[in-house]
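Asker: I'd like to ask some things about the structure below.
The values are calculated or read from the model by the stated rules, or taken from the named source; none is laboratory data. Model, not experiment: these values are computed from the prediction. When we count neighbours, we look across all protein chains shown, and the Cβ atoms used for this are built from the backbone with ideal geometry, even at glycine.
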Amino acid sequence: MQQALFVLLGAVAVLLLGFFIFSFYLPSRVRVERSLLIAAPASGIFNEVNVLHNWPHWSPWHAYDPEMKIVYTPNDTGQGAGYSWESRHRNVGKGSLMLTESRPYEYIGCEMNFMQQGAAKGYFRFDALAEGTLVTWGMEANLGSNPLRKLMGKLMDKWVGRDFEKGLQNLRSLTEKK
């Protein structure tokens, strides 16, 4: 019995050491990006993103918890606009968002702070095409050298990417019918 315990502990130690060594080879930066062609002009889509009070209409995180507490900055539109949120839903949590750049009908940049999970830079690109507007929603984050965070970074594309896809689909539904 005692020998089996030592074998088990040894196996766990080897796995942890292997994970730690493996983490050195994982990137410390993560990038998640999704794009969708929307049959609507860039002006209408841009305004849904540039005006923060519009986000509950299309953001997947607002749909997870319609009861989340949101506090907007006095300016809710364009560069300098922001809000903070707090939710009990595990996929939402608490944090803040600030629009750092707003180029009409082309680009919106933002800084997101997810409290314990850290900060990330987000962006939206609006590329006008003959068929409509190609909307790209992305984010980039520096995970540092923490092995667990770097492993979570490998899963980020799957987790956050699904939310970006939902949000872009919601933007499509909202703006194509206008």
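Asker: Return the residue satisfying two criteria in turn: it lies in segment 80-107 and is farther than 18 Å from residue 163 by Cα and in contact with a Ser or Thr (Cβ under 7 Å, 6 or more places away or on another chain), and of such residues it is surrounded by the most Cβ atoms within 10 Å (Cβ to Cβ).
Answerer: The selected residue is 81.
Asker: Related question: Output yes when any residue across segment 35-44 is exposed (fewer than 15 other Cβ atoms within 10 Å of the Cβ), not in a loop (DSSP other than H, G, I, E, B) and not hydroxyl-bearing (Ser, Thr, Tyr), and no when none is.
Answerer: yes
Asker: Kindly evaluate residue 88 against the criterion of being part of a strand (DSSP E or B) and modelled with pLDDT of 85 or more.
Answerer: Judged against the criteria, residue 88 is not a match.
Asker: Same structure again: Check whether at least one residue in segment 112-124 is in contact with a helix residue (DSSP H, G or I) (Cβ under 6 Å, 6 or more places away or on another chain) and either loosely packed, with under 15 Cβ neighbours inside 10 Å or not in a strand (DSSP E or B) (or both), and report yes or no.
Answerer: No.
Asker: Continuing with the same structure: Failed condition for residue 97, given (1) outside any loop (DSSP other than H, G, I, E, B); (2) under 20 Å from residue 43 (Cα atoms); (3) in contact (Cβ under 8 Å) with a residue 40 or more places away in the chain, with all others met?
Answerer: Result: residue 97 passes all but (2).
Asker: I'd like the full set of residues that are at pLDDT below 95, of a type in the set (S, T, N, Q) and either assigned to a helix (DSSP H, G or I) or closer than 25 Å to residue 177 by Cβ (or both), limited to segment 48-82.
Answerer: Result: 59, single match.
Asker: Also: Which of the residues that make up segment 86-102 are more than 15 Å from residue 60 (Cβ to Cβ) and polar (S, T, N, Q)?
Answerer: 96, 100, 102
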